[in-house]
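Novice: Submitted below is the structure of interest, expressed as structure tokens.
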Amino acid sequence: MFIKKLNIEINEEKFVPEYKEKNIQWFYALDNEAQIILFEDAYNNYHSLLTVIIDGITNSIPVLLFEELTEMSAESIADIKRSKTDYWMLKKHQQKVEVICEKPLFTLCGTSYNGCGDIIHITSAMLKNATIGTKWEGRDSHNCGRDLDEESLEIIYKNERGCSCLYRQWGTTDDDNPKDWEKEPKIIWFELY
């Protein structure tokens, strides 16, 4: 598995079977933008831990295990906090900040017998900045023609209050010889202003 934060490939075969799932979760947590990495130092390096904290949930591995699996020093991890004091100072600061995120107004995703394609989240900013004729498509990315379900959203009218979009959905049946189908198009009004 490739870990972006460390820019290395981790060989999962090195994990002890008993702790494999926990170790996989720990390494994947490094790439989560909400993570905090804490180096919990012990008097001897054997008991020192690397802890990843996401939304108050912690997962730890021994520093020596990290260094054995990655062949790199734990000290080299970017943005690592050196003590619990660092962590609690950061936590106290975060409690003073209110974060408000815009939720998508509409989501498109193409699927097939082999899985889901890329998910496209349509936000109000995207609709406000787009012009008539702008089109987004949720397509399957697995090159599978069976049980296909794809969709599109196209701006067909726009004024100072919002925009109308034409929503289409089409695909194929879940058969050995798939047959094409298409649903009746829908017009959706997005009130934006």
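FYI, it's all coordinate maths here, none of it is from the lab. These numbers come from a predicted model, not from an experiment. Positions of Cβ are backbone-derived with ideal geometry, glycine not excepted, and every protein chain shown enters the neighbour counts.
Novice: Please say if region 146-193 is rounded, prolate or oblate, where rounded means a/c under 1.5 for a ≥ b ≥ c the square roots of the C-alpha gyration tensor eigenvalues, and otherwise the choice is prolate for a/b larger than b/c and oblate otherwise?
Specialist: Details: a/c = 5.31, a/b = 4.24, b/c = 1.25.
Prolate is the answer for region 146-193, as a/c is 1.5 or above and a/b outweighs b/c.
Novice: Further question on the same structure: Please report Ile24, Ile155 as a ranked list, fewest other C-beta atoms within 10 angstrom at the top and most at the bottom.
Specialist: Values: Ile24 14, Ile155 19.
Least crowded to most crowded, the residues run Ile24, Ile155.
Novice: What shape does the chain have by the C-alpha gyration tensor, where a ≥ b ≥ c are the square roots of the eigenvalues, rounded means a/c under 1.5, and otherwise prolate means a/b greater than b/c and oblate the rest?
Specialist: Working: a/c = 4.05, a/b = 1.76, b/c = 2.30.
Taking the square roots of the gyration eigenvalues as a ≥ b ≥ c, the chain is oblate.
Novice: Run the helix sum for the chain: -39,500 (n - 2.57) per DSSP H stretch of 4+ residues, divided by residue count, reported at 222 nm to the nearest 500 deg cm²/dmol. Present the calculation step by step, with values, prior to reporting the outcome.
Specialist: Values: 4 runs with 36 residues, N = 193.
After summing the helix terms and dividing by residue count, I get -5500 deg cm²/dmol.
Novice: Can you put Ser73, Ser112, Ser164 in order, fewest other beta carbons within 10 Å first? Could you put the intermediate results ahead of the total?
Specialist: Details: Ser73 10, Ser112 23, Ser164 15.
Final ranking by Cβ density, sparse to dense: Ser73, Ser164, Ser112.
Novice: Compute the distance in nm between two label points, each set 7 Å from the Cα along the Cα-to-Cβ direction, one at Tyr193 and one at Asp180.
Specialist: For the pair Tyr193/Asp180, the computed spacing is 3.9 nm.
Novice: Under 20 Å from a label point 7 Å along Cα→Cβ of Glu13: give me every residue in region 59-78 with its amide N that close.
Specialist: 66-72
Novice: Now, a different point. Taking a threshold of 29 Å on the Cα-Cα distance, which of the pairs Lys4/Lys128; Lys4/Lys186; Lys4/Lys183; Lys135/Lys179 fall above it? Could the numbers behind the result be given before it?
Specialist: Values: Lys4/Lys128 33 Å; Lys4/Lys186 41 Å; Lys4/Lys183 40 Å; Lys135/Lys179 25 Å.
Result: Lys4/Lys128; Lys4/Lys186; Lys4/Lys183 exceed 29 Å.
Novice: How much FRET efficiency would the formula 1/(1 + (r/R0)^6) give for Tyr28 and Lys103, where r is the Cβ-Cβ distance and R0 is 30 Å, rounded to 0.05? Please report the intermediate quantities before stating the final value.
Specialist: On the way: r = 24 Å, r/R0 = 0.81.
Calculated value: 0.80.
Novice: Within a 10 angstrom radius of the beta carbon, how do Met72, Met1, Met126 rank from fewest other beta carbons to most?
Specialist: Numbers: Met72 13, Met1 10, Met126 17.
Fewest to most other Cβ atoms nearby, the residues stand as Met1, Met72, Met126.
Novice: Treating cross-link reach as a plain straight distance, find the aspartates and glutamates whose alpha-carbon is under 13 Å from the alpha-carbon of Lys5, omitting any fewer than eight places away in the same chain.
Specialist: Here the aspartates and glutamates satisfying the reach criterion relative to Lys5 are Asp31, Glu33, Asp79.
Novice: With a cut-off of 8 Å between alpha carbons and a minimum separation of six or more residues, what is the relative contact order of the chain in percent?
Specialist: On the way: 357 pairs, mean separation 21.9, N = 193.
Rounded, it is 11 percent for the chain.
Novice: Taking only C-alpha pairs under 8 Å that are 6+ residues apart, what is the relative contact order of region 106-191 in percent? Kindly include the intermediate steps, with their values, before the conclusion.
Specialist: On the way: 216 pairs, mean separation 21.0, N = 86.
Dividing the mean separation by the residue count of region 106-191 yields 24 percent.
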